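Before any comments, here is the structure.
Just so you know, all these numbers are worked out from the coordinates, no wet-lab data involved. Only a predicted model underlies this, so the values are computations on that prediction, with no experimental measurement involved. As a convention, Cβ positions derive from the backbone with ideal geometry for all residues, glycine included, and neighbour counts pool all protein chains shown.
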Ligand SMILES: *Cc1c(COP(=O)(O)O)cnc(C)c1O
């Protein structure tokens, strides 16, 4: 008889050091725009390397919104983005009045199909926004070549790809702007939070000001306390000092977090790849590319397998699952109502949304847990 296990899909990994870091901020008097936020930005930049300029913000949605604003996207502009992504990337385009133009992904990786991106370019296209699906980097050299050839900006949604690299260069630094998330179950967390990164210091500087009401002087730069002017329209998308302190403490463990996710992914993949009718999303290892695994997405290739039944069996066995992402974004009610939906345009995104299951590989999962997940999945698809 198999002993039942309880394996949550994801769980934030919070240590005593993390708790102490937050408590230290609370024993002081500076709860926002202080030294923790500045240090977190600097440490994140040094982790990414290659001249990264980083601005800590309140979420990845905020980072994506700031990206649209900073690149002056607006009415009349089209932004290409993957159909298979988090809705935040589309909302960020929609909020500035630009038009999202959705492009199908590759069946193999879940990442945007570069040939289809090229085919979707029109005279109104201003930017390409991509997501590194489940921690597997998109083909950024090809995407930036395409963007350069057409004079387009590039935004990278790296919310679930912290640490992923191509030719040792981190994702987020190939395009003009990269956006990260520190939501509780991402690679590292600040509760809520995000980071926007750029190789262009002027763009990062501009974003830092828009993030804080558009004021011309930061708190530290004011010679007369309370005195500032506002040359541009802004928002309040700041990250608090408690969040930044937690982020610094978490970032200190990033290598271990990535190692655990990587070895969990490999161990689960070894079991799952043996199961008939099930495919693991991803692509063959390449010398140039270094993945930073986030979840394992498996697709049920045999149409006779009932996904709902498989999920119910896994959940009943104590295994938490999810779906990345539950719908192609253009099929979501808001976007479908506004722009209409043509199913024929997104066969791969539909297949991933409708035929995949995301399995846990976070640092909370043990090797025995992973063997259990693979065994239960094998039974669930055969049942
Ligand atoms: C989680 C996620 C987001 C949103 O991040 P928040 O920090 O919660 O705003 C955006 N894009 C992707 C790909 C995500 O997975």
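Taking 17 Å as the cut-off, the amide N atoms of region 262-287 that come nearer than this to a point 7 Å along the Cα-to-beta-carbon line of residue 5 belong to 262-275.
Region 1-144: Rg/Rh from Cα coordinates, Kirkwood Rh?
On the way: Rg = 19.8 Å, Rh = 18.4 Å.
Result for region 1-144 is an Rg/Rh of 1.07.
Among 195, 140, 242, sorting on how many other beta-carbon atoms sit within 10 Å of each Cβ, with the fewest leading, yields 242, 140, 195.
For the chain, find the longest principal axis of its Cα atoms and tell me its angle to the long axis of helix 367-382, 0 to 90°, nearest 10. Here the helix axis deviates by roughly 60 degrees.
Among 181, 286, 198, the largest mean-square fluctuation in a Gaussian network model of the chain, built with springs joining Cα atoms closer than 10 Å, belongs to 286. One Cα centroid belongs to region 125-171, the other to region 255-274; the line between them spans 24 Å.
Extension gain, residue 16 to residue 31: 0.36 nm times the residue separation minus the Cα-Cα distance gives 3.4 nm. Extending 7 Å from the Cα toward the beta-carbon at both residue 235 and residue 115 defines two label points whose distance is 3.7 nm. The angle separating the long axis of helix 241-251 from the principal Cα axis of greatest extent in the chain is about 50 degrees. Report, to the nearest 10°, how far helix 35-48 tilts away from the longest principal axis of the Cα atoms in the chain, using its own Cα long axis and a range of 0 to 90°. It works out to around 50 degrees.
The modelled label-to-label distance between residue 274 and residue 216, using points 7 Å beyond Cα along the C-beta direction, is 6.9 nm. Note that the chain, at 4 °C in a medium of 1.567 mPa s, gets a Stokes-Einstein diffusion coefficient of 60 µm²/s from its Kirkwood radius over C-alpha pairs. Residues within the reach of a label modelled at residue 124 (point 7 angstrom out along Cα to beta-carbon, backbone nitrogen below 13 Å), restricted to region 336-358, are 339.
Which whole-number percent is the relative contact order of region 277-356 (Cα, under 8 Å, 6+ apart)? Before the final figure, lay out each step's value.
Details: 61 pairs, mean separation 25.7, N = 80.
Over region 277-356, the number comes to 32 percent.
By the equivalent-ellipsoid construction on the alpha carbon gyration tensor, region 131-171 comes out with semi-axes of 19, 11, 7 Å, ordered largest to smallest. The distance between label points at residue 378 and residue 107 comes to 2.6 nm (points 7 Å beyond Cα on the Cα→Cβ vector).
Averaging Cα coordinates gives a centre for region 342-383 and one for region 1-32; these two points are 26 Å apart.
Applying 0.36 nm per residue to the separation of residue 266 and residue 148 and subtracting their alpha-carbon distance, the gain on full extension is 38.9 nm.
Return the percentage of antiparallel bridges among DSSP beta bridges fully within the chain, rounded to the nearest 5 %. Don't skip to the answer; put the middle values down first.
Details: 24 of 41 bridges.
Taking every DSSP beta bridge within the chain, about 60 percent pair in antiparallel fashion.
Considering only alpha-carbon pairs that sit under 8 angstrom and 6 or more positions apart, the relative contact order computed for region 1-111 is 18 percent.
Divide by every residue of the chain the summed helix terms, -39500 (n - 2.57) for each DSSP H run of at least 4, and state the resulting mean residue ellipticity at 222 nm, rounded to the nearest 500 deg cm²/dmol. The partial results should precede the final answer.
On the way: 13 runs with 144 residues, N = 383.
Only helices count here, giving -11500 deg cm²/dmol.
Compute the FRET efficiency between residue 339 and residue 167 as 1/(1 + (r/R0)^6), taking r as their Cβ-Cβ distance and R0 = 41 Å, and round to the nearest 0.05.
Working: r = 37 Å, r/R0 = 0.89.
Efficiency computed from Cβ-Cβ geometry: 0.65.
Altogether, the Stokes-Einstein calculation at 4 °C and 1.567 mPa s, with the Kirkwood radius of region 164-234 over Cα pairs as Rh, returns a diffusion coefficient of 91 µm²/s. Annotation: the residues 113, 148, sorted from fewest to most other C-beta atoms within 10 Å of their own C-beta, follow the order 148, 113.
Taking neighbour counts of Cβ atoms within 10 Å as a proxy for exposure, in what order, fewest first, do 43, 156 appear? Show your work: numbers first, answer last.
On the way: 43 17, 156 30.
By the 10 Å Cβ count, ascending, the order reads 43, 156.
What is region 61-210 by shape, rounded, prolate or oblate, if you read a ≥ b ≥ c off the alpha carbon gyration tensor as root eigenvalues and call it rounded for a/c under 1.5, prolate for a/b larger than b/c, and oblate otherwise?
Details: a/c = 1.40, a/b = 1.11, b/c = 1.27.
In terms of gyration-tensor shape, rounded.
Taking every alpha-carbon pair under 8 Å whose residues sit at least 6 apart, the chain reaches a relative contact order of 23 percent. Scaled against 2.2 N^0.38 Å for its residue count N, the alpha carbon radius of gyration of region 228-383 is 1.32. Of all DSSP beta bridges confined to region 125-270, the antiparallel ones make up roughly 45%. Which one, 126, 261, 307, has the greatest fluctuation when you compute a Gaussian network model over the chain with C-alpha springs under 10 angstrom? Of 126, 261, 307, the Gaussian network model singles out 307 as fluctuating most.
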